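Read through the structure below, which is laid out as structure tokens, and then see the notes.
The values are calculated or read from the model by the stated rules, or taken from the named source; none is laboratory data. Everything numeric here is computed off the predicted structure, so don't read it as measured data. Here the Cβ positions follow ideal geometry from the backbone for every residue, glycine too, while neighbour counts run over all protein chains shown. Side chains included, ligands, DNA and RNA excluded: accessible areas come from the protein's heavy atoms. Shrake-Rupley method; radii C 1.70, N 1.55, O 1.52, S 1.80 Å.
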Amino acid sequence: MLTFRPTLAFLGVYVVRKIKFAILYMIRAAKRLYGALFKWILLSVAVGLGIGSIASIFAKSIVYVTEFREAHRWILFGLPVAGLLIVFLYKIAGQEKNTGTDMVLTTIREKEGEMPGQIAPLILISTVITHLFGGSSGREGAALQFGASLGDWFARKIKLNNSDRHILMLAGMSAAFSALFGTPMAAALFPMEVVSVGVMYYAALVPCVFSSFIAERVSVFLGVRTFAVPYPVERIPDFYGLAAVKIIFLAMVFSLIGTLFCIMLHESGRLYKKYFPNPYLRVAVGGVLVIVLWFLVGTDDYLGLGSNVIASAFHSHTGLWVFALKIVFTCATLCAGYKGGEIVPSLFIGATLGSALSAFVGLPVNLCAACGMAGVFCSVTNSPITALLIAFELFDFNGMPYYCVVVAVCYLLSGYFSLYHEQRIMYSKTENRYRSGAVEKDNSK
């Protein structure tokens, strides 16, 4: 009994010490985590408001110059001169070797280096010039670049450490993508998913989510978009039956065309540089080529964003040649040195391809166009989660089984091709193993 009481006292002291240690640990952890939460909320608000406002002004500028071009079609003849101006601007800014979105992916993944601050005004001005003079291009690629550049610039100004700077770059990309595209959920995840496929940068989840939703609200406030679903798909046939077989077949076609788009972009760039090594000559030749193509097809449908064609693809069948011509126009424009992006062209290609194929498979035209947009986007970016969220936000949830199947099949069948040379696909698509391979290594096989 005399030895039992000291033992109980010892155990009591031991338990009290452990409880005290646990409480102190929880307090320190809570202080660190809540401090991080408040820090990223404040920074995300600043990024969302700032970049969301700039992106909204940028979107309005694209609309304005597009309307001007459509009212003054003669301006297209100035495309070669506009290309010379773009190359000159990059030259005097010391960015003649700028690799665009590939540079963003490398900077974030390697966690070293920085995005030059002059990239933001350069890509914004150059993209507006491209659209003013009729280049076939997108704008979301530009959004990723200026979002990352401004995010990094802001992080350096407030003297964040290297890790936090790259997180704020991702948040800037989310804000810019969300304000332009109006899909905040997809915009929040896309920068985290696209850099290294299979490895999500979850440390950036809070800033990306907050900046994305704030930027979208800014774009709505400034009148760039509304909260309405842009392309609602309402008449959905029963999935469990022949429709499932049809949609799998369509997904196989979407992945094939997405892969073809990637190959043509990379090969067109290689051929341009091989035969026209001088960037001024290259961009001028590209401008002339776009003008010749415009004369041959006799329509403005393949110039600029092509938003009107995408919208019409949800209501009536398009021709099978439409998606192919958009690929040709986009390769002629972007690979010559004009600026913008490849994402909207990929959505154009998917929507018109799905619309055309709907006449053959007997599924609703709007459903096939929606599946085409999601499928081709997934194929060229290797970002299935983002593709699925884009489908939900652009088309609503009614066609969920179709979108899921298309995205899954397209992700698998697109292999290791990508719009971006510097994207890394970290895990095999056919086996449960780590691969850590660059996409272009497989493109060369």
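Below is a table of values for the structure above.
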item: Accessible surface ranking that places the most exposed of L419, L160 first, with a 1.4 angstrom probe; result: L160, L419
item: With all protein chains modelled, accessible area of C368 [1.4 Å, Å²]; result: 0
item: Candidate residues V197, V15: accessible-area rank, largest first, probe 1.4 Å; result: V15, V197
item: Reachable lysines, given that their alpha-carbon falls under 21 Å from the alpha-carbon of K18 and they are not under 8 places away in the same chain; result: K31
item: Inter-probe distance in nm under a simple model that places probes 7 Å from Cα toward Cβ, at I125 and L412; result: 4.9
item: Fully extended contour minus Cα-Cα distance, from C404 to M26, at 0.36 nm per residue; result: 132.0 nm
item: When the convex hull of its Cα atoms is projected in every direction, mean area for the chain (nm²); result: 27.2
item: Candidates A243, A176, A370: whichever shows maximal mean-square fluctuation once the chain is modelled as a Gaussian network with Cα springs under 10 Å; result: A243
item: Among the listed pairs K97/K326; K60/K91; K246/K326; K39/K60; K274/K429; K97/K274, those beyond 21 Å (Cα-Cα); result: K97/K326; K60/K91; K246/K326; K39/K60; K274/K429
item: In sequence order, calculated HN-Hα J values of the stretch 133-138 (Karplus, 6.51, -1.76, 1.60; Hz; x Gly/Pro); result: 9, x, x, 8, 7, x
item: Mean separation of Cα contacts under 8 Å, 6 or more apart, over the residue count of the stretch 122-194: relative contact order %; result: 28
item: E216 - accessible surface, heavy atoms, 1.4 Å probe, Å² rounded to 10; result: 20
item: Karplus-derived 3J(HN,Hα), 6.51/-1.76/1.60, for each residue of the stretch 196-202, Hz, glycine and proline x; result: 9, 5, x, 10, 8, 8, 5
item: In Å², nearest 10: area of C335 left accessible to a 1.4 Å probe; result: 20
item: Q95 long-range amide H proximity, modeled H, under 5 Å; result: none
item: Cβ-Cβ FRET estimate between F221 and V81, R0 fixed at 56 Å, reported to 0.05; result: 0.90
item: Loop trypsin sites (Lys or Arg not before Pro), the stretch 116-186, which have at most 15 other Cβ atoms in a 10 Å radius of their Cβ (DSSP); result: K159
item: Accessible area, probe 1.4 Å, largest first, for residues H266, H315; result: H315, H266
item: Inter-label distance for N162 and A324, nm, one decimal - labels placed 7 Å from Cα along Cα-to-Cβ; result: 5.0
item: Residues whose placed amide H lies under 5 Å from that of R435, excluding near-sequence neighbours; result: Y427, S428
item: Relative contact order %, the stretch 294-433, counting alpha carbon pairs below 8 Å whose residues are six or more apart; result: 19
item: Dimensionless Rg ratio for the stretch 1-157, taking C-alpha atoms and the 2.2 N^0.38 Å reference; result: 1.87
item: Under Karplus coefficients 6.51, -1.76 and 1.60, residue-wise ³J(HN,Hα) of the stretch 351-368 in Hz, glycine/proline x; result: 5, 6, 5, x, 4, 5, 6, 4, 5, 8, 9, x, 9, x, 5, 5, 5, 5
item: Separation of alpha-carbon centers, the stretch 349-400 and the stretch 44-85, rounded to whole Å; result: 27
item: In degrees, nearest ten, helix 400-413 long axis to first principal axis of the chain (Cα); result: 80
item: Chymotrypsin sites (Phe, Trp or Tyr not before Pro) within the stretch 196-286: DSSP coil, no more than 10 neighbouring Cβ in 10 Å; result: F227, Y240
item: For the chain, calculated [θ]222 nm from helices alone, where every DSSP H run of n ≥ 4 adds -39500 (n - 2.57); result: -24000 deg cm²/dmol
item: Net charge, P401 excluded, C-beta distance under 13 Å - Lys, Arg +1, Asp, Glu -1; result: 0
item: Pairwise FRET efficiency - T7 versus M252, Cβ, R0 = 51 Å, nearest 0.05; result: 0.10
item: Semi-axis lengths (Å, descending) of the ellipsoid that matches the C-alpha gyration tensor of the stretch 251-314; result: 25, 19, 9
item: Formal net charge of residues neighbouring K274 (Cβ-Cβ distance under 13 Å; K, R +1; D, E -1); result: +2
item: Potential extension, D102-F360 segment - 0.36 nm per residue separation minus Cα distance; result: 89.1 nm
